[in-house]
Amino acid sequence: MSQAVLFNVFAEEYLNICKKSSTYKESLQNAVNHLQHFSESSGTPIFTNLNEQVIEDFVYYLQSQNLMVSTVKNNVNRIKYLLKKARRFGHEVDSTIEDFNVPDEEGNAVFLTMREVYKIHRYTNLTPREIEIKDYFIIGCLTALRFSDYSRLKPKNFVRNKIVIKTKKTNTPVQVPIHPVVREIIQKYNKELPPPPSVQHFNRQIKKICRKIGFKKKMLFERQIGRQRVSKLIPKYQFISSHTARRTAATNMYLAGIVPYRIMLVTGHKTEKSFFRYIRITREENVKVLAKHKFFTGDKRKNKRHLKSI
């Protein structure tokens, strides 16, 4: 017969035997710490059979700490992960907790159009090191690889007309065709790309580079912080980072008519739902793509015959 136990007691026991990476274990511990602080503030011990009402109160507590929606969501998901483990260890767990989800926040992430990508590529009024960083960014914009992958490309990864690499995050083999601009960059360095910067330095520099190039149009930045909605106008270059390159590539591939599942083989998205949340398409861009589809263009001769028959 299963029984409920104090959540923090189980979590401590599990984390002692958990084989996950130290980074992931640290994220689990942070979630446990938040739940423990919530328990202390409410004066109520938390057991593994905590119900949906307790989770809702926990979310309200996290919001009161002025945490962003993504942080609240991550903490709840990690608690749910630990509850699944608790059930496997024979502890009583309320099954309704699996259906509880913190709604996603519409992100402020941007993507660059192909015209903007080419504009960055052609810009030369930069220092030698800035040009190297710009070249790395362009490779990301035309491959959909993560920074952790496009920043460690070696000659062995360039196989004929494709890039072949095992991704660092998921250890998944990926193959991407080499875009003409990427080939130009690779040839410039004779396949030996310059030493990459740290991702922190890269993100600082790519913002400076994009500011120089002129990405200064103000964009609306909105974020839920705690229970307050924060809105302000920020220049576009402030939104651009190493990850913008990957989102740019995925979005532009989709706008070019590549079917989602083929793009997902590169990006690693498991479902179309997660893929479409990831890419950035405005209504104006969407209608341009729809207008070119044969459903709207049709066969002109058939259309004429159809109209005559009406």
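Hey, which of the helices (runs of 4 or more DSSP H) in the stretch 144-228, taking only ones fully inside, have at least 1 residues that are farther than 17 Å from HIS121 by Cβ? Outline the logic, then answer.
On the way: elements: 147-150, 180-188, 199-213.
In the stretch 144-228, 147-150, 199-213 are the helices (runs of 4 or more DSSP H) which contain 1 or more residues that are farther than 17 Å from HIS121 by Cβ.
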Pairing a residue in the stretch 181-204 that is under 16 Å from THR244 (Cα atoms) with any residue that is assigned to a loop (DSSP other than H, G, I, E, B) and not aliphatic (A, V, I, L, M), where Cβ atoms lie under 8 Å and the two sit 6 or more apart in sequence or on different chains, gives VAL199/SER151; PHE202/SER151; PHE202/PRO196; ASN203/SER241
Can you name the residue in the stretch 65-83 that is out of contact with any Gly (no Cβ under 6 Å at 6 or more places or on another chain) and modelled with pLDDT under 85 and is also surrounded by the fewest Cβ atoms within 10 Å (Cβ to Cβ) among such residues? GLN65
In the stretch 115-145, what count of residues is obtained for those that are basic (Lys, Arg) and closer than 19 Å to LYS191 by Cα? 2
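The values are calculated or read from the model by the stated rules, or taken from the named source; none is laboratory data. Bear in mind that the values here come from a model prediction, so they are computed numbers and not experimental data. In this analysis, Cβ positions are derived from the backbone assuming ideal geometry, glycine residues included, and neighbour counts consider all displayed protein chains.
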